[in-house]
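Inspection log for the structure reproduced underneath, given as structure tokens.
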Amino acid sequence: MTAPLLETRGLVARYGSVQVLHGIDIAVPQGEIAVLLGPNGAGKTTLLRAISRTVSTRGAIEFDAQDITGRSAARTARAGVGHVPEGRGTFVDLTVEENLRLGGLARPRVRRASAGQDLQLVYDTFPVLAEMRRRAAGLLSGGQQQMLAIGRALMARPRLLLIDEPSLGLAPLLTRQLFDVLVRVRDGWSTSLLIAEQNARLSLEIADRVIVLTGGRVAAAGPVAGFRDGDVIRHAYLGDAHPAHPEAVGGRDTATRAIGDKK
Ligand code: ATP
């Protein structure tokens, strides 16, 4: 297998005296959608923050074959890691297009000249944003704001996009539409995605790879094929090995090995 775009080894994070991540080893290959599943409080948000360097950590993070562990959040973003945090965080008084152009400010220097083209690509990917380009972001529905937040992150041309709970507050039909767009993002933007989600059923439909976190540890990880029946995930949540998929569930060593498997 070629080197993954993102790899973490022994990643540990804490808030004050409370340790939340206990030695996370994960890998996200180039061009894939990896879904990060787990119950409330499992550490999904913290893992995304650790990768975008917005919480401090111990352990190693390699992105695009470079060690980014000691980098600031700004340098990590410039290196190509985009982050759409939970809650979207669009500027409600600015128009849709102003929000998107702000996202373009974080572009790598070599791509600044093509910002106009990428704005058009955002509109092609999310036609509803083109229709609403002059409207204040605060007037958009929850699903539209989520698309705007993702579109804004794409304007920085990330190689890896971290998205925290994109389906939060969305009806199932809207979630499905949004997830379909995420597949278009993977295929049309040469961007890999790591998506933290509570909606296991729908997210498994678009995932190439699954990582299950429980209690700040990787409970299971591997290509999506071993997870589609849902049993593996249920057993992983319960901390129990599933007899049909012993390679996909287990302790850290087993999980790490499963990550390295080819699709
Ligand atoms: P959820 O699905 O509920 O968002 P999660 O899997 O994303 O959960 P995290 O938000 O990473 O989990 O939280 C992991 C643990 O860290 C939880 O016990 C949470 O209370 C704690 N935590 C998260 N953010 C902070 C913070 N800023 N300060 C202190 N503790 C925090």
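Rolling a 1.4 Å probe across all protein chains gives residue 84 an accessible area of roughly 0 Å².
What is the magnitude of the charge dipole of region 86-156 about its Cα centre, with +1 placed on the Cβ of each Lys and Arg, -1 on the Cβ of each Asp and Glu, and no other charges, expressed in debye to the nearest 20? Provide the component values of the computation, followed by the final result.
On the way: 10 positive and 7 negative charges, 59 e Å.
Roughly 280 debye, rounded to the nearest 20.
Residue by residue, region 32-41 carries 3J(HN,Hα) couplings of 10, 9, 9, 10, 9, 10, x, x, 3, x Hz when phi is fed to the Karplus relation 6.51 cos²θ - 1.76 cosθ + 1.60 (θ = phi - 60°); x denotes Gly or Pro.
Heavy-atom accessible surface of residue 217, to the nearest 10 Å², is about 120 Å², with a 1.4 Å probe and all protein chains retained. Mean projected area of the Cα convex hull of region 139-230, taken over all directions, amounts to 6.6 nm². Computed with every protein chain present, the accessible area of residue 181 is close to 10 Å² [probe 1.4 Å].
Ranked by accessible surface with a 1.4 Å probe, highest first, in what order do 192, 72, 114 come?
Working: 192 0, 72 60, 114 25 Å².
Largest accessible area first, the list is 72, 114, 192.
Just check region 86-156 against the gyration tensor rule for me: Cα atoms, a ≥ b ≥ c as the square roots of the eigenvalues, rounded for a/c under 1.5, and otherwise prolate or oblate depending on whether a/b exceeds b/c. Since a/c reaches 1.5 and a/b is larger than b/c, the shape of region 86-156 is classed as prolate. Region 21-46 and region 64-140 have their alpha-carbon centroids 22 Å apart.
The values are calculated or read from the model by the stated rules, or taken from the named source; none is laboratory data. Owing to the predicted nature of the structure, the values given are computational and were not obtained by experimental measurement. Backbone-built Cβ (ideal geometry, glycine too); neighbour counts: all protein chains shown. These accessible areas exclude ligands, DNA and RNA; they are computed on the full protein's heavy atoms, side chains included. Shrake-Rupley method; radii C 1.70, N 1.55, O 1.52, S 1.80 Å.
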